[in-house]
Amino acid sequence: MGLPEFWSLMILAGVFAGAMEIAHAYDRPPPREDFAVLVAAYADPTTPQQVHVSLAGENKMRISWITDKHTPPIVNYGTSSGKYEHSATGVISSYEYLTYISGEIHDVVIGPLNPNTVYYYSFATGSSSTPEYSFKTPPAQFPIKFAVSGDLGQTGWTKSTLEHISQSNYDVFLLPGDLSYADRIQPLWDSFGRLVEPLASQRPWMVTQGNHEVEKIPAIHHTPFTAYNARWHMPFEESGSTSNLYYSFEVSGVHVVMLGSYADFGYGSDQIRWLGSDLKKVDRSKTPWLVVIVHAPWYNSNYAHQGEKESIDMRVMMEGMLYKARVDLVFAGHVHAYERFNRVYNQEIDNCGPMYITIGDGGNREGLASKYKEPQPPISVFREASFGHGELEIVNGSYAKWSWHRNDDDESVESDSVWLKSFASDTACKANKK
């Protein structure tokens, strides 16, 4: 299939899909250019591309990559450059979307791995080895640093955000949905994978889905999340979930729950049942910090994305569960701006509720959501329509620092910060040990 034919088909598909979407009227400043390259010129079709790593259960890591032609799903790895004492074999898959056929998606889980250790790895191509990559495993205990940014896309602002994140010496990256902004144009998933590879191949990237990952087309392509589920395999099986759209993981004394704003969250749904079961398993003596990630924010004083069921109805269904579990922080994306709230429950300040943070400001092509409701509601502490990223530095079981870094003229500027005390160490709120 030629690229012109693909674009023509996607224009037709967009007409069908557009009828199913509701436009949200709010002004956005012009974004930077979208520099994604649709077609990459690889001299060797067996060259690995779009390499990324993610946590895959206790002391294990999943390594994913794509090749244009068949290569075995084998990873050779070790703790010394050029010396690979271990080898692991995984699986290969691919997917079709209209006339697009993906390359071979390799998925290999390696381990057990030592904490806070640099591992070097390469892939077998059948006749030779590939260039060497490396990643660092997270520490076994505090301190640990998370980088956080949602709604990334592939623009000049995205590139700036990624550069700042790469300089932050983070251990794990959390992405609350809207990754590539491919929006049914499947080659943009490939260009996004190549864009983030320099970071995603070196530190675990843990992601959840957003509305831009749905990619259903009425009467043409009925299955949602086709590309997302194929390309970004998260550890849902390891956490007892039945769906790649919601899962949990534990790292360095932190239990992280990744929820699916666009998966069924209604009464009796699998996601509700799984969430209840997962929260009951949390042992605050082992993981004193409890963090939740969603895409559509439950609290939002921006005019963008008001009144959506993924925000309103999901909050009604789940907020009480998170409050009872004494969740410390809830991160969201979707709104293309930054906003930090007080600790909140049931739309009021509550010192035993989670702190809610919207950070959908990674650099997407749609630009910023610049209009806020006035006056600023009492539950909202800080808000600004700028691109940037956040850093959550958990110092120990009791204290952590959150900071938001604005992309100011291509320099990362710390513009908001706050110290938090975990509910596990807060006797006033009495987080259950188990």
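The values are calculated or read from the model by the stated rules, or taken from the named source; none is laboratory data. All figures in this text were calculated on a predicted structure; none of them were measured in a lab. Neighbour counts are summed over all protein chains in view; Cβ atoms, including those assigned to glycine, are modelled from backbone coordinates with ideal geometry. We work out accessible area using only protein heavy atoms, side chains counted, and drop any ligands, DNA or RNA first. Shrake-Rupley method; radii C 1.70, N 1.55, O 1.52, S 1.80 Å.
Take 50-61, 299-310, 143-154 and order them by the average number of nearby Cβ atoms within 10 Å per residue, most first; the result is 143-154, 50-61, 299-310. Residue-wise HN-Hα couplings along the range 342-356, as the Karplus relation 6.51 cos²θ - 1.76 cosθ + 1.60 with θ = phi - 60° gives them from phi, are 5, 5, 9, 8, 6, 6, 9, 4, 8, 5, 9, x, x, 8, 9 Hz; Gly and Pro carry x. Any idea what the alpha-carbon Rg over 2.2 N^0.38 Å comes to for the chain? For the chain, the normalised Cα radius of gyration is 0.95. Give me the Debye-computed log₁₀ of I(q)/I(0) at q = 0.17 Å⁻¹ for the range 346-434, equal point scatterers on Cα only, no solvent, two decimals. Debye curve over Cα of the range 346-434, log10 I(q)/I(0) at q = 0.17 Å⁻¹: -0.89. Among the trypsin sites (Lys or Arg not before Pro) within the range 165-238, those in coil by DSSP and having at most 15 neighbouring Cβ atoms inside 10 Å are LYS216.
Surface analysis of the range 103-244 yields an accessible area of 30 Å² per residue, using protein heavy atoms and a 1.4 Å probe. For the range 348-391, the residue among ILE349, ALA385, ILE359 whose Cα projects farthest onto the positive side of the dipole built from Cβ charges is ALA385. Projecting the Cα atoms of PRO218, TRP289, SER243 onto the charge dipole of the range 210-301, computed from C-beta unit charges around the Cα centre, puts TRP289 farthest toward the positive end. A 1.4 Å probe run over the range 293-423, with the rest of the protein chains in place, finds 36 Å² accessible per residue. Below 23 Å, Cα to Cα, which lysines can LYS136 reach? Residues fewer than 8 away in the same chain don't count. Answer for LYS136, where 23 Å is the Cα cut-off: LYS60, LYS83, LYS145, LYS159, LYS286, LYS401, listed by chain and number.
Taking the Cα centre of the range 248-363 as origin and assigning +1 to Lys and Arg Cβ atoms and -1 to Asp and Glu Cβ atoms, the resulting dipole is close to 400 debye. Of the DSSP H helices in the chain, those with a Cα length along their own long axis of 18 Å or more and a mean Kyte-Doolittle hydropathy reaching 0.0 comprise 3-18, 187-200.
Using Cα centres only, tell me the gap between the range 345-378 and the range 39-95 in whole Å. Cα centres, the range 345-378 to the range 39-95: 38 Å.
Per residue, the Cα convex hull of the range 264-414 amounts to 121 Å³. Taking the average, over residues, of other Cβ atoms within 10 Å as the packing measure, peptides 248-261, 340-353 rank 248-261, 340-353 from highest down. Round to the nearest 10 and report in Å² the accessible area of ARG326, as given by a 1.4 Å probe over the protein chains' heavy atoms. In the full protein context, ARG326 sits at about 40 Å². Figure note: TRP404, TRP298, TRP419 ranked by solvent-accessible area, largest first, 1.4 Å probe, ligands and nucleic acids not counted: TRP419, TRP298, TRP404. With a simple spin-label model that places each label point 7 Å from the Cα along the Cα-to-Cβ direction, the separation between PHE382 and ASP68 comes to 4.6 nm. Percent of accessible area on the chain owned by carbon and sulfur, 1.4 Å probe? So the carbon and sulfur contribution to the accessible surface is 52 percent. Dipole check for the chain: with +1 at the C-beta of Lys and Arg, -1 at the C-beta of Asp and Glu, and the Cα centre as origin, the magnitude is about 1280 Debye.
Here's the picture: charge each Lys and Arg Cβ at +1 and each Asp and Glu Cβ at -1 in the range 114-208, and of TYR181, PRO204, GLY156 the one pushed furthest to the positive end of that dipole is PRO204.
The magnitude of the dipole of the range 109-233, with charges of +1 and -1 set on the Cβ of Lys/Arg and Asp/Glu and taken from the Cα centre, is near 140 debye. Taking label positions 7 Å along the Cα-Cβ direction at both GLU163 and ASN114, the computed distance is 3.6 nm, reported to one decimal. Based on DSSP, what percent of beta bridges with both residues in the chain are antiparallel, to the nearest 5? So the antiparallel bridges amount to about 80 percent of the total.
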